[in-house]
Each structure stands twice: as structure tokens, then as C-alpha cells.
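The values are calculated or read from the model by the stated rules, or taken from the named source; none is laboratory data. Just so it is clear, the structure is predicted and the values come from calculations on it, not from any experiment. FYI the Cβ positions are ideal-geometry reconstructions off the backbone, even for glycines, and counts take in every protein chain you see.
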């Protein structure tokens, strides 16, 4: 199979594209469903608090995907996957439903990046951006500052995020959360482990307007991660 054919085979399916459009048009409904999912799992989530998450950060082409792949191979690690799209906000219910819809033996194909990394729908990937976009509407607005500092407070996001990570680990039946963070973070949640890939190799690249979180932002993310 040619490289072009492989990439074509890994395009988003029609049903996934349609469902993704529905999610985008009905964000408030999806958030209400996410809250319902959290309420339904409240008791079991209370018995499994999120502890010692791991965050991988770095610029594009810095090796974050390879590192995420390596970490995700540990039997205790749970991550987001390609198959979490488009209902990223419903990690437990969607995992149960999509598990009956996706082929477990899907052949690996090369990513559209053309970097010779082979992935399947079950490969780990960064999916947290969908969560951020629901609570920080100017996330992709290059005309506005994306710096989140120690004064940043978003209680709705904090509650949603903590519950989301817990539900994801519950769905994966894992105990340690690992995430590939947004590409231009200077710091992220002050977790027990923080992996930073090289930052100086791609200075020529134009940064994308993702949030930048400076060192004083730790107070915001300490609340988000540990409360």
C-alpha cells in the first residue's frame, strides 16, 4: 500500500465527522452530558482519586509523541487515544460504546505528519484541547493573550477537568494519567512527573496561539489537579 493510500485510509469516517459536527454545534449539551456521566460515576470516582499524573510538553517535532508512546506502554498508564474523538468529554460512556464499534485489529498506518510513526485508533494522542476550548473560548484567538498566570481562575473548568481525568482512568482501568500537553506550555499542572522535550530545535516555526502558562500559574493548576 502506498503512503498516500495509507493516509487516505486513516481519514475520519463519515459518521465520526458528522458526530464531531454535532458536538461542535451543541457544546452546552455535551457539557451537560459530561456532568451527568460524572454524577453517575460519583461514588466510584471518589474511591479512585487522581494521583501523580504525568505531563509531556514540547514544541512540534520535539519527540513528544514518541515519549508518549513509550510511557503509554506501561501497564498502569492511561492516556487519551485517537478513538476518544469526537466525544472526548464523555470518556467513560464513549469508551464503552466505541469499543463495540471500532475494530480491535485495525492495521497501523502512518500519521499525516509524514514522520513514519504508525498509529491505530487505539494509539495514544493529545485530546485535551477539546476540553480547554469548551471553557476558554478565545483559545485560538491570536489577537488575545493566552497567558494563564496565578490569577487565572476557572472553577467550572477545574471541576470538569478533575472529573474527566478520573473517568478516563476508570474507562481504561488504569491508575496513572499521562498526557501530551499543549505544545507551547512553559509549565503545566505541577504533577509528580513532568517531561519536557527539547524546545530549541524549532525556533523557526511560527508558534500556534495555544495558551502559555508561566511558572506562577502553578496555583491555578494545583487547584485543578489536586483538589
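Every test in (1) within 20 Å of residue 35 (Cβ to Cβ); (2) over 19 Å from the mean Cα position of the chain (by Cα); (3) surrounded by 15 or more Cβ atoms within 10 Å (Cβ to Cβ) is passed by residue 153 save one, and that test is (3).
Given the structure, is residue 70 out of contact with any strand residue (DSSP E or B) (no Cβ under 9 Å at 6 or more places or on another chain), at pLDDT 85 or above and under 17 Å from residue 174 (Cα atoms)?
On the way: out of contact with any strand residue (DSSP E or B) (no Cβ under 9 Å at 6 or more places or on another chain): yes; at pLDDT 85 or above: yes; under 17 Å from residue 174 (Cα atoms): yes.
Yes; evaluated as a whole, the condition is true for this residue.
Of the residues that make up segment 37-49, is at least one farther than 14 Å from residue 166 by Cα and in contact with a helix residue (DSSP H, G or I) (Cβ under 7 Å, 6 or more places away or on another chain)? Among the residues of segment 37-49, not one is farther than 14 Å from residue 166 by Cα and in contact with a helix residue (DSSP H, G or I) (Cβ under 7 Å, 6 or more places away or on another chain), which makes the answer no. Whether any residue in segment 6-29 is under 18 Å from the mean Cα position of the chain (by Cα) and at pLDDT 90 or above is what I want to check. There is at least one residue in segment 6-29 that is under 18 Å from the mean Cα position of the chain (by Cα) and at pLDDT 90 or above.
Of the candidates 68, 45, 59, the single residue that is surrounded by 19 or more Cβ atoms within 10 Å (Cβ to Cβ) and not in a helix (DSSP H, G or I) is 59. Taken over segment 61-76, residues that are under 21 Å from residue 114 (Cβ atoms) and in contact (Cβ under 8 Å) with a residue 60 or more places away in the chain amount to 7.
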